[in-house]
Each structure stands twice: as C-alpha cells, then as structure tokens.
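The values are calculated or read from the model by the stated rules, or taken from the named source; none is laboratory data. Bear in mind the structure is a predicted one, so any value in this text is a computation, not a measurement. Reconstructed Cβ throughout: ideal geometry from the backbone, glycine too, with neighbour counts over all protein chains shown. These area figures cover heavy atoms from the full protein model, side chains too; ligands, DNA and RNA do not enter into them. Shrake-Rupley method; radii C 1.70, N 1.55, O 1.52, S 1.80 Å.
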Amino acid sequence: MDCLMSTRFNGEPRSYTRFNLTQNMEGENSQVEMKLSSDMDEEVGGNGVGEDLNHAKDPYVVRKPAGRTPKNVCFMVATILLIFIISYLIGYLSHRRKELAPPSCSRPTVEESITQGYVKMEADPLMDWSDVKSLLDQKMSASSFESAFSEFASESHQAGSAGDEALANKVLKRFNQYGMYTWTDEHYVKLVDPPASGSNMVTFKGSDLGTLRGYLAYSKTGTAQGAVLHGNYGQMDDLRKLQDKSIALDGRVLLVKSGKISFAEKVANAAKLNASAVLIYPADNSRIGGSTQLFGHVHLGSGDPYTPGFPSFNNTQFPPVQSSGLPSILAQTITVSMAATIMRGMEGKSAPTGWVGVGKLGDDKDMVTVEVNNVLAEKMINNVFGVIKGFVDPDRFVVLGAQRDAWGPGFASSTVGTSVLVELARAISDMVKNDGFKPRRSIVFASWSAGEYGSVGATEWLEGYLSSLNMKAFSYINLDGVVTGFPKFKASASPLMYTLIQRTLREVRLHSSRSSDRISLLFHYEAVQCLGEEYPYLGTLQDTRDKLNGATSNQVAKLAVSAGQFAGKIALRLVHDHLLRLDVKKYIRQIHIQVYDINSKIKSLQSMQPQLLPKSLTVQWLMSALGSYSRAASSLSTEIDNSDLEEEEMCRNINDRIMSVERDFLSPYVSPRESPFRHILVGSGSHTLKALSDHLDALQDDHSDANADLFRIQFALATWTIQGCANSLAGEIWSTDNMI
C-alpha cells in the first residue's frame, strides 16, 4: 500500500513523497502520514499540550514563540520524556509482536513476486532496436549451449522425482547467479506411474505379445476384450471411413498409428464410437525400431485432471472431482513389432485407399485382450521462476517457459529447451546489468515440471493465478521441443503474433543454406513455438543427444543459437517498444472465414429443410458482431498511428486493450472443468464457431445428436462472445459499437 510522507520546513508545505511499505508478519497493511516540524513549531502556542495540539490544526500559521519560564521549561522536559518512553514501548511491543507472529501461509500474487522491491523509474530514451538485437546475437554462442547441454542433461528426471528436483535446483542456482529475483511454486498433483509389480499386458488370440514398459498416463484401468480393428491414425475422418464400410466400432479394440493428432484425441474419438480400448504403435517404423516403447498421456485437456479448473495447492480443500477429459476406455502403447504380429494375423475387409502400411482391417475372430494396471500417485512438483523487471511497466510481462521433466533422457523434449531458457536469461540479464538495456516491461523465465503429463506444472500455475495473469501477462513463448530436426524451421502462434513472427524470422540467420523459413498458422494461446522437422523419438527412451545429432547433422548447438535468438528477439521486442507489437486486425480474417461458412450452411438448411431452422433465425447479429470487431480493430490501429508515445498512460491503455483480445475470446459461458479449451475460434467444445458449423452439418444429416433449439442457444452465446471482445477492444463504454 502507498504511504504518504509530508515534510514541512519553515512553516511552508513540501510535496508528498510516495514509498512502499511491506506487509507485516500478519499480512496487515499500514498507512502512515508523518509531519516533521521545526523546533519553532514545537514551541508554538500556550501553556499546555492541549493548546499545542489545537494550534497544530492550522499548520500554515507561524506564531511567535512563547516566553521561556521555568514552569514552561519543566513542562517541556516532562513532555519530551513522556513521549520518549511511549515511543520506546511502542517500538518494543511492535518488535516483539513481529517476532512472535506465526509465519504467513498466504502465497504472494504473481504481481507481488515480479514487482517486489521495485521502485518505478522514469523512462530513459529507448536503446535503438538494432543495438538490442545485436547485443543478443553477440551474447549467444554454440559453445555456451554446449556447456548448458552438459549441465542440464540427465538420464532420469521424470516429474516429481529426485532427478527432476536436482534439475530444478540447477535452474534456480543459475537464475540467482544472474542477479534475477527468483521464486518457486509448489504443487501437489496426481501423476501416473507404471504398475508397481509386473506390467500392463496385451494378448492377441490368446498369446501374450511381450513385456510393456511404455504406458499412457490417465488411461482407465482394468481389463477389456474385443475384436481388433485397424483405425489408421484414429482421426474422425478415418473412423467415418470404417463406418462407410458398414463396420461398427462397438466393443472393438482399435489399433492406430501415432501421429497426426494427440494420443488423447485418438482415444476420445474411439470412445465416442463405443470402442472398448485403443492400442497405439509408432508410425515411423523405418527409423524408430521394432522394440521402441512409447510413453504419453490420454487426458483430453491440460493440468492435473483431478483438480480441473482450480490449482493443486496443498492447502486447498476441494471435493473429489475429475476432468471431463479423462478417458472412459482403456488405452495402451505397443511396439512396432507387437503391432506387426497383430496385423499379420488380422483378417476381414481391406483397408481404405491411402492407408499406408495397413492391409486387412480385422474381423470378429481377431480377439485382443488389454489389461492396464497403472498406479495413480500424488506427487509434489516445483516450478522455478526468475524475472528481469521492467523499468516502466514492471507489472506487465511476457513469459518464456520450458518443461524440465521427461520420460527418459528427454534431450530434445526438455534438455535443449531448458538450456535455451537459461541461456536467454543469462544473455538478457547481462544486457541489463552491463550494456544499459532497460526493458519497459518485465520478462518472466519459467521452468515447468510435469510437462509430459499434459503441461501440468504450467497449467496449475495458470489456474492458481488466473486473475492476475489475465490482466498482466500478454504473451507466452514456449521453448519445448525447440530443436527437433533439420533443415526446416516452423513457428506456430496466435494470429496476433503473425506479423511479429514474420519480421523476426527475417532478423534471424538460420544455420543452414538449405533451410527454408515457414510459418505454420496454428494456434497456441498467446504462444510461440519453434519446431524442426518431425522427430520420431519424442515420448520414447531413445530421445538422446546422439539421436538428435543424427536428426540435425550434428548441428544441435548451432540450431539452438538460432532458436534462442528467434525466441529472444520476439520477447525483447515485446518489452522494448512503447506499444505491444500484437496485430489485432489479424483475427478479422479468422472470424470472417468461419462466420461466412456458418452463414452459407444456415441459408442452405433453411432452403432445403425449413422445418429445422425457421426463417426468423438470421445471421445478421453474428455478422454485426464481426463488423463491430473489425471496426474496433481498425479504430485502434488509427489511434496507434496518431498516438504520442511519450504519454505513458495512453500507451498503457492501448496495450491493455490489445491484451484483452485473447482473454475475451475465451467463452465465459462454459466451465473450465467441462471445456478446458474455451477459445471460441480454436478451442474445442460446443461453444466454438467450428462446433456451430458441425452442428449445422448434423442437422442436415438428421443426426440423433442434432438439436435446433440447442443450436440457437450456442449461436447466441458465440455471437455475444465476439461482440464482448469487440466492446473491450473499443475501450471506454461510450466508444463501443454495439449494433446488436
């Protein structure tokens, strides 16, 4: 809380000086106003303390001092002595109270962690951007990355293990060495271990396929039996092709290849069609080998699935609850050799055209039994943080993060990303300490645990401080799997960051004459991710330095430099400029495409089957919401062009409006527990624009799940979500363009 100190000398008022007063041991705040008076002020007035106090009511009046009589002198001495004794007692009791007060159990907010001990400074002239990026390039080298690889490589560092904790301490030590303010975040989460004794089991026609070391966390446990059916990659399009062949999935054990979509999506798709279990094997059998075991998770969501929507802190008390994304059927990984054994014995219909490596689909006699005995265990994990504080808006920040854990060696999945994170922290800290670089906003460096289980550490932190992060964090840069191949370079991001990514790619020299710059227009919530060519060893025990060297022509360190420079320049640009380089107009096209798709399907349905959707249902309001967002984005761009960058409050207001876009595209009408991916444009669930389009298809096909009344409700809620985002982007309430 701010405290005010008023100083007055010679009877004239001086300006107030603001300073921060930290909380006492019981978490209370104090507000203090102090007045320093001259000796003349203390001697003003009549014969008693009461009169002195009365005179103090008019501090701007300077009175002539009273004559000094023996009586007055004695009274003054007695008064001073009394004040001294009272002050001493108050100081002593306050000190004892702090000593005896129990330690506080409250957690500091994210903002308190980042801005603790910070005193706001006047902005110096900006360092030229060309100098900033040149400094970063100079401070990142292949040799420094080789050293980091050696320090952070580990054969065993599964989430919650001693190896994971040892790496966390190494990262924390590095951050402290760089002079960063550091802290850790502790969570108690439900993770999954393999069976305590024995292993999971798969049999085909009564024969055991062999020892299974790999497993899928959060699979349902128990035993399932059914006829095997090949489902290619397990995408819904693949499964519809089976239905087109009049093959039902009810009770079948689905055999699918890895890739295309996540393990969790494969299992969820199979469960929707009433399969009894799913077996997943590596798709890239030419490089991965016949005996390689796969590891992963099948929670269709992120974070601890047993605390959906709220954080897994040790002192929180919630009733038992589960994420809706937990699978209802068994799932298990098998090796390429095991899959080959099954496929050699399968009969039935031939696979659809284009299903590479798949012969027969399987018939009712090809029986498979799946037994899953994984163990759910509560474990403590730690996220580690370091911050470089901004000099103008320290409470606004970009986050760079990398997972620290892995199923095995995890060289590509965790070691390289952790090394890039730590090297960026070193380079940028040095720029601030020794080269005069002063970022306007803060940079938070985060080392996450339990990433292999579905971004558990990162999600629990987000859930724990959601209200602060919603308002303060403007971008997340993901360093997981930052180098996984060669020679192609990809970046996927929120549409807001497309322009910034394109410009940054032109500033980074990729270490290969064969490399090609390519942007994959995929979405990660306010995130950037750098990826290489597909690397088959993620999620296996073969993810080692040797394998990654083979995939990158022994250029891992050089590629890490390029990836670090790219991610670093994205972050530095976001904290360097007066205004955030996030382009809100890029979402206009994304919304436009989906709105017009919905519009054409509604018109078609009203024309062909008017009994399903009455003519009174119009797309006018959805179009109006799109128009409102388009006008708000264009208006903001004009405002930016005409802005005075030296007006800090105006810049902060514009930046806050830019930051609101992604937050406001999260549907407020669905629960995070039921729909963890709430973004209406790229999320999943009935609240999304894609779900509206799919619902229209279901109505057209007279599907049993289709419901015209439910569609109209979903339609209205999606419309208001877009309109709400447009209103927030417009700024003040009187600036909104609400045509609905």
*Verdict on Pro311 being assigned to a loop (DSSP other than H, G, I, E, B) and open to solvent by 40 Å² or more (accessible area, probe 1.4 Å)*: no
*Conditions: (1) surrounded by 18 or more Cβ atoms within 10 Å (Cβ to Cβ); (2) part of a loop (DSSP other than H, G, I, E, B). Tyr669 meets all but one. Number of the miss?*
(1)
*Quickly run through the range 234-272 and pick out the residues that are open to solvent by 30 Å² or more (accessible area, probe 1.4 Å) and either of a type in the set (Val, Ile, Thr) or part of a loop (DSSP other than H, G, I, E, B) (or both).*
Gln235, Lys245, Ser246, Ala248, Asp250, Gly251, Lys260, Ile261, Ser262
*Quick one: which strands (runs of 3 or more DSSP E) lie wholly within the range 343-430 and hold at least 3 residues that are charged (D, E, K, R) and not assigned by the TED database to the domain that holds His230?*
393-403
*Before we move on, is Ser207 of a type in the set (S, T, N, Q), within 34 Å of the chain's Cα centre (by Cα), modelled with pLDDT of 95 or more and open to solvent by 30 Å² or more (accessible area, probe 1.4 Å)?*
no
*Those residues of the range 337-357 which are among the aliphatic types (A, V, I, L, M) and at pLDDT 95 or above, in sequence order*: Met338, Ala339, Ala340, Ile342, Met343, Met346, Ala351
*Selection count, the range 544-558, where residues are without any contact (Cβ under 8 Å) to a residue 60 or more places away in the chain and outside any loop (DSSP other than H, G, I, E, B)*: 3
*Looking only at residues in the range 548-563 that are among the polar types (S, T, N, Q) and in contact with a Leu (Cβ under 9 Å, 6 or more places away or on another chain), which one is surrounded by the most Cβ atoms within 10 Å (Cβ to Cβ)?*
Thr552
*Residue in the range 674-699 that is modelled with the lowest pLDDT, counting only those that are in a loop (DSSP other than H, G, I, E, B), of a type outside the set (Gly, Ala, Ser) and buried (at least 17 other Cβ atoms within 10 Å of the Cβ)*: Pro676
_Looking for something hydrophobic (A, V, I, L, M, F, W, C), over 28 Å from Asn314 (Cβ atoms) and open to solvent by less than 10 Å² (accessible area, probe 1.4 Å) - is there at least one such residue anywhere in the range 396-404?_
yes
*Meets criteria (under 30 Å from Thr415 (Cα atoms), at pLDDT 95 or above and surrounded by fewer than 18 Cβ atoms within 10 Å (Cβ to Cβ)) for Gln225*: no
_Condition check for Asp702: part of a loop (DSSP other than H, G, I, E, B) and surrounded by fewer than 17 Cβ atoms within 10 Å (Cβ to Cβ)_ = yes
*asked:* Restricting to the range 405-436, give me the number of residues that are of a type in the set (A, V, I, L, M) and open to solvent by 10 Å² or more (accessible area, probe 1.4 Å).
replied: 1
_I need every pair where a residue in the range 646-670 that is touching a residue at least 40 places away in the same chain (Cβ under 8 Å) has its Cβ under 8 Å from the Cβ of a residue that is of a type in the set (Phe, Trp, Tyr), sequence separation at least 6 or different chains._
Asn655/Phe474; Ile658/Phe474; Met659/Phe474; Val661/Tyr587; Glu662/Tyr525; Phe665/Tyr587
*Of all residues in the range 325-336 being within 21 Å of Asn274 (Cβ to Cβ) and open to solvent by less than 60 Å² (accessible area, probe 1.4 Å), which is modelled with the lowest pLDDT?*
Gly325
_Looking only at residues that are among the acidic types (Asp, Glu) and at pLDDT 85 or above in the range 519-547, which one is surrounded by the fewest Cβ atoms within 10 Å (Cβ to Cβ)?_
Asp546
*Quick one: is Leu717 farther than 15 Å from Met236 by Cβ, touching a Leu at 6+ places or on another chain (Cβ under 8 Å) and either of a type outside the set (S, T, N, Q) or assigned to a loop (DSSP other than H, G, I, E, B) (or both)?*
no
*Answer with yes or no whether Ala571 is in contact with a Gly (Cβ under 6 Å, 6 or more places away or on another chain), small (Gly, Ala, Ser) and closer than 28 Å to Ser143 by Cβ.*
no
*When residues of the range 362-378 are filtered for being under 40 Å from the mean Cα position of the chain (by Cα) and either open to solvent by 50 Å² or more (accessible area, probe 1.4 Å) or more than 29 Å from Val189 (Cβ to Cβ) (or both), how many remain?*
7
*Of the numbered conditions (1) surrounded by 14 or more Cβ atoms within 10 Å (Cβ to Cβ); (2) assigned to a strand (DSSP E or B), Asp164 fails exactly one; give the number of that condition.*
(2)
*If a residue has to be open to solvent by 30 Å² or more (accessible area, probe 1.4 Å) and in a loop (DSSP other than H, G, I, E, B) to count, how many in the range 139-153 make the cut?*
2
*asked:* Residues that are under 30 Å from Asp128 (Cβ atoms), modelled with pLDDT of 90 or more and in contact with a His (Cβ under 7 Å, 6 or more places away or on another chain): does the range 563-573 have at least one?
replied: no
*Give me a count of the residues in the range 215-263 that are in contact (Cβ under 8 Å) with a residue 12 or more places away in the chain and either among the basic types (Lys, Arg) or in the same structural domain as Glu534 (by the TED database) (or both).*
6
*Test: residue in the range 385-397 that is acidic (Asp, Glu) and out of contact with any helix residue (DSSP H, G or I) (no Cβ under 9 Å at 6 or more places or on another chain)*: no
*Which of (1) open to solvent by 10 Å² or more (accessible area, probe 1.4 Å); (2) closer than 17 Å to Leu216 by Cβ does Leu279 not meet, given it meets every other one?*
(1)
_Of the criteria (1) in a loop (DSSP other than H, G, I, E, B); (2) within 19 Å of Tyr215 (Cα to Cα); (3) in contact with a Gly (Cβ under 7 Å, 6 or more places away or on another chain), which one Thr292 fails_ = (3)
